[in-house]
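The values are calculated or read from the model by the stated rules, or taken from the named source; none is laboratory data. Keep in mind that what you see is a predicted model, and the values were worked out from it rather than measured. Note that each Cβ is placed from the backbone with ideal geometry, even for glycine, and that neighbours are counted across all protein chains shown.
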Amino acid sequence: MTSKEFKPRKSLRDAGIDKITGEGVSIDKIKITVEHHIGDNKDPIEIDINKEWYGDVVEGYRTEAERHGFKPAVLLELEREIGLAVVDMIDEIIRWQQQKTTEEIAAQDALDRNKQIVAAGPPEERTENQQQQQSQVLGDFRKPIPVREAAVADPATVYTVSGQITATSKISYMLKGGMYQCSRCSGLQYVQYERPSHFGDDEAPQVLHRMCRFCEETDLAEGTQQHRQATELHFSRPVHVISVTIELMDTDTFDDVKTLPVLLFGKHAEDVKIGEYVVVRGETLCSAYQQKPQSIPGCMLCF
């Protein structure tokens with residue numbers, strides 16, 4: 001939740017209006033509080049606003065202000081002041097949601113980096129013969145295996161592969177996540193995909209059915225229309241990551257038939273050179289991964 005204090009104009013302060021405060025978690029859940037010292041009843045006036053300052057909401061405010069002893073001139077001037085405060089609160093809530101989303105993206109990136117560091121484990125000093133013996137044990141992602149074994153390895157498993165880069169594609173962009181907008185509150189939130197994808201893939205849907213993290217704090221009754229709207233998030237804008245596809249070949253046999261396509265993402269996709277000897281770690285896939293390409297048997301994802 002975010003909040004903001006608004007200083008009333010001088011004419012209102014002279015009339016007895018002390019402070020106007022706004023708070024909200026989404027643009028359809030805004031609360032305006034007016035503190036004053038007018039009349040005998042000096043309790044603050046609290047107004048719940050659903051997106052816009054009009055109709056029954058305004059009529060309710062007028063009734064409450066008259067009950068507190070507000071004069072018509074003060075009532076109308078304060079009404080305009082509250083309207084400006086509502087507009088400012090909507091901007092404030094949108095900025096707060098965007099800032100929260102930015103922090104989530106940074107936290108997710110930091111989490112991914114830490115997972116990679118933990119998965120790598122401490123470096124080990126091994127002789128060449130020891131490394132070759134250990135590399136024969138499939139399933140231990142810390143021990144490099146040859147390209148010919150990785151090409152037929154079990155899918156959805158993490159492996160470390162050593163080989164030489166024999167081909168590379170041009171750098172392209174994929175989606176590592178997306179900004180999604182709630183159908184109910186219009187709040188924007190970042191969704192990190194399980195793996196980099198293209199728009200329209202199963203991992204990057206146009207409509208995502210999950211509870212909005214802003215509406216989640218409003219205790220909506222399950223089964224209501226508002227609850228259904230709060231679980232419908234629409235794709236708003238992409239969050240990209242650079243990618244490049246390389247071909248790996250064994251360095252001992254130089255077999256150009258049994259090669260391994262590897263998709264590199266982010267910093268791993270930068271400054272890739274043909275002929276380099278590399279060790280990569282990633283997850284193997286056995287089916288077509290990209291949206292339009294041919295089948296890529298034994299493809300490995302590294303990000």
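Within the range 221-234, how many residues are part of a strand (DSSP E or B) and modelled with pLDDT under 90? Adding up the residues that qualify gives 0. Given the criteria outside any strand (DSSP E or B), out of contact with any Phe, Trp or Tyr (no Cβ under 7 Å at 6 or more places or on another chain) and surrounded by fewer than 17 Cβ atoms within 10 Å (Cβ to Cβ), does ARG237 qualify? The answer is no for ARG237. Filtering the range 112-130 for residues that are modelled with pLDDT of 60 or more, assigned to a strand (DSSP E or B) and not assigned by TED's automatic domain parsing to the domain that holds LYS29 leaves an empty set. Selection within the range 70-91: residues that are acidic (Asp, Glu) and modelled with pLDDT under 85. The member of this set that is surrounded by the most Cβ atoms within 10 Å (Cβ to Cβ) is ASP88.
Checked against (1) within 21 Å of CYS185 (Cα to Cα); (2) under 34 Å from the mean Cα position of the chain (by Cα), ALA110 passes all but a single condition, namely (1). Within the range 82-97, residues that are assigned by TED's automatic domain parsing to the domain that holds HIS36 have Cβ atoms under 9 Å from residues that are in a helix (DSSP H, G or I) in these pairs: ILE82/VAL58; ILE82/TYR61; GLY83/VAL58, counting only partners at least 6 apart in sequence or on another chain. Of the candidates GLU217, GLU232, the single residue that is loosely packed, with under 13 Cβ neighbours inside 10 Å and charged (D, E, K, R) is GLU217.
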